[in-house]
Amino acid sequence: MPEKFDVIVVGAGPAGTSCAYTCAKAGLKVLQIERGEYPGSKNVMGGVLYRKQMEEIIPEFWKEAPLERPVIEQRIWMMDQESVVTFGYKGLEWGQEPYNNFTVLRAKFDQWFAQKGVEEGVLLINETVVKECIVDNGKVVGVRTDRPDGEVYADVVVLADGVNSLLGKQLGFHREFRPDEVALTVMEVINLPKDKINDRFNLSDNQGCTIEIFGDATKGNLGTAFIYTNKESINIGVGTTLSSMIKAKLKPYELLDYLKNHPMVKPLLEGGESAEYLAHLIPEGGYYSVPKVVGNGVVVVGDAAQLVNAIHREGSNMAMASGKMAAETIIAAKEKGDYSEATLSKYKDALYNSFIIKDLMKYKDATHTFENNPQYFKEYIPLMNRAASKFFTVDGTPKREKQKEIIKSVTSEKGTLGVLKDVYKAWKAVK
């Protein structure tokens, strides 16, 4: 008879490993299957890890985890072709324990995290593809892999297989996602000496900076770009929804090259050496795209459950929290000896009562609103830059007159009522 486990976790990203680690620590027999050469080899994240959810799994993890820099400054750039309007916050309290968030390199961090699971008893198998779930009388009882005699069985199977979860689709938990529900992000890691990073971003050795960029970085299309500082490298990336990419006939790597050569960005990268290119699909559909997350003998976590808040670039923290909630539900189910959908639905209840679904609900219309109203990126961000240039240029014109000219330029095409309507739509989408 094939070997049987308490839990099979498909995927070794933050969601899968959080679940596997928590289950194993409680004494459950756990098999974790990763299709990549090692955990992290198939994953792309902008490179920011939030402390709160990770600390709830491994207290004071920052004392041993392979982190890059604690982030002490977060900037937002509203970019035009030759200018940028900047917002942000820099706080030295974020550079002290217990910290707020960190920049990370996923290839390093995911391997470390998965190894912590192995130390707790998880059996981790890499380079193995799960082809389908094994279903018996309406209950998921195991998985079928691409290995010889590759059927393995468990009381519960956890789907942590990423944004385009083929296993979830096989079970009928979700349909094929539309192009406006996923984003394609490309990222490059550029090696740069520590002293240059510190000088260019006004940092000390153990301080990090993140920059989120809107507007010309995506050529006015719905999406964002980012620049994150590591110890001796920079993560730079850009992504748009697939629908925007198709409409504008954008090629992702050409968009990244455009960003790297932008006059506001190029000086930050000067002298750097390209170390790695990565590309990945990221769930952008939000609340309306969350699939069925519980069935008989199966739960869905992380990206596979579409748990990403694109507005606040939160994904890994939601993944970890969902993995931990799923594990706690599975542990309770083990005690009862009941792995039915009714019992496992406690995971869904926990998820929907958590910050995860509450935040996705808050921004449920944001992507749809900005996708269908391209003026926010194509018109208002350039207007913002021109207005800032006019206001801060000292040319002898009284400031009150400048204000009147700026208001006139903003309302000249759409009229005051049209502008107010756009402001209201944007506010309603993010309120």
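Numbers below:
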item: Lone qualifier among L105, L31 - being open to solvent by 30 Å² or more (accessible area, probe 1.4 Å), out of contact with any helix residue (DSSP H, G or I) (no Cβ under 7 Å at 6 or more places or on another chain) and aliphatic (A, V, I, L, M); result: L105
item: Residue identified as assigned to a strand (DSSP E or B), in contact (Cβ under 8 Å) with a residue 40 or more places away in the chain, touching a helix residue (DSSP H, G or I) at 6+ places or on another chain (Cβ under 7 Å) and not hydrophobic (A, V, I, L, M, F, W, C) among T185, T240, T210; result: T240
item: Within segment 87-114, tally of residues that are closer than 27 Å to A279 by Cα and of a type in the set (S, T, Y); result: 1
item: Residue, most open to solvent (accessible area, probe 1.4 Å), within segment 205-226, restricted to residues that are within 12 Å of V71 (Cα to Cα) and modelled with pLDDT of 95 or more; result: Q207
item: Residue match in segment 319-327 (condition: in a helix (DSSP H, G or I) and among the hydroxyl-bearing types (S, T, Y)); result: yes
item: Residue that is outside any helix (DSSP H, G or I) and either surrounded by fewer than 15 Cβ atoms within 10 Å (Cβ to Cβ) or out of contact with any Gly (no Cβ under 6 Å at 6 or more places or on another chain) (or both), where the choices are D395, D359; result: D395
item: Criterion (within 20 Å of I58 (Cβ to Cβ) and either modelled with pLDDT under 95 or open to solvent by 30 Å² or more (accessible area, probe 1.4 Å) (or both)) met by exactly one of I331, I282, I311; result: I331
item: Strands (runs of 3 or more DSSP E) contained in segment 48-109 and holding at least 2 residues over 20 Å from N309 (Cα atoms) and not hydroxyl-bearing (S, T, Y); result: 69-79, 84-90
item: Of residues in segment 1-24 being charged (D, E, K, R) and assigned to a strand (DSSP E or B), the one modelled with the lowest pLDDT; result: K4
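The values are calculated or read from the model by the stated rules, or taken from the named source; none is laboratory data. Note that the structure is a prediction, hence the values are computed from the model and not measured. Glycine also receives a Cβ, built like all others from the backbone with ideal geometry; neighbour counts cover every protein chain displayed. Only protein heavy atoms, including side chains, enter the accessible area calculation; ligands, DNA and RNA are left aside. Shrake-Rupley method; radii C 1.70, N 1.55, O 1.52, S 1.80 Å.
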